[in-house]
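Scroll down for the structure; my scribbles are underneath it.
Only the coordinates and a few stated rules stand behind these numbers; no lab work does. Quantities reported herein were computed from a predicted structural model and do not represent experimental measurements. Cβ sites come from the backbone with ideal geometry, for glycine too, and all protein chains shown count toward neighbours.
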Amino acid sequence: MKELDIHSVTVNKWKAASASKTKVEQRPNLLKQDFSTTGLNQKWTADMTYIQTKRNGWCYLSTIMDLHSRRIIGYSFSKKMATDLVIKTLESAVKNRTITGDLIIHTDLGSQYTSDDYNQRLTELHIRHSYSRKGCPYDNAPMESFHASLKKECVYPLPVFEDYETAAAVLFEYVHAFYNRKRIHSSLGYQTPLQVEIATLTSQMGA
């Protein structure tokens, strides 16, 4: 890398200025770091991450991933980190998916995910809710990996986004045009998420 003048991208992770003093109630961890699946719509994982802009400050990307294909199936971007953001992401995920009583969605203990509104919607959809343990990112490792890839490949190599609209356009292109359709994963046998979904659906139709 030195001979070719290649440098890795390293950026200090942004942290909130002050942590909440509210005691976080531990909730059921149904996955227990078991991310294995045998088909689509068995285990989903969700999370949010921060995206900085010059004009609009910090904006928030909320996503849901199907652990079988690693495809981002739910997506929402907002200037506010509110419960509405994660509910909107959930609705985008269920819009074109087949939901069964066995489906689990895994999140952290953030107030948006522990809110009554979010969990009421999960109950209506017959989706079981699994939570990471407090301060344990390994419980949601696949989503942490996605956010790391997004930051290294889409955010950090570019100047800080000018505004919310610019960031939204770039993130949409990365998630839908690149990550889901073109980015291969070693955990998927060096296939893309879309390839795995197509193969899975084809196999189910053949069965």
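A few notes on this one:
- Positive dipole terminus of region 39-187, leading residue within Y179, N119, Y75 (C-beta point charges): Y179
- Stretchable slack from L201 to L4, in nm (0.36 nm times residue separation minus alpha-carbon distance): 66.6 nm
- Among the GluC sites (Glu not before Pro) in region 123-173, those placed in a DSSP loop whose Cβ has at most 13 other Cβ atoms within 10 Å are E162.
- Kirkwood hydrodynamic radius over Cα pairs of the chain, then Stokes diffusion coefficient at 37 °C and 0.692 mPa s, in µm²/s: 181
- Dipole magnitude of the chain, debye to nearest 20 (Cβ charges: Lys/Arg +1, Asp/Glu -1, about Cα centre): 320
- Largest GNM mean-square fluctuation among G39, G74, G135, using the chain with Cα springs under 10 Å: G135.
- Charge dipole of region 36-154 (Cα centre as origin; +1 on each Lys and Arg Cβ, -1 on each Asp and Glu Cβ, all else neutral): 440 debye, rounded to the nearest 20.
- Longest site-free stretch - the chain; sites: chymotrypsin sites (Phe, Trp or Tyr not before Pro), DSSP loop, at most 14 other Cβ within 10 Å: 15-189
- Checked against a 25 Å cut-off, the cross-linked pairs K54/K80; K80/K134; K95/K134; K95/K152; K43/K95; K43/K80 give Cα-Cα distances beyond that limit for K95/K134; K95/K152; K43/K80.
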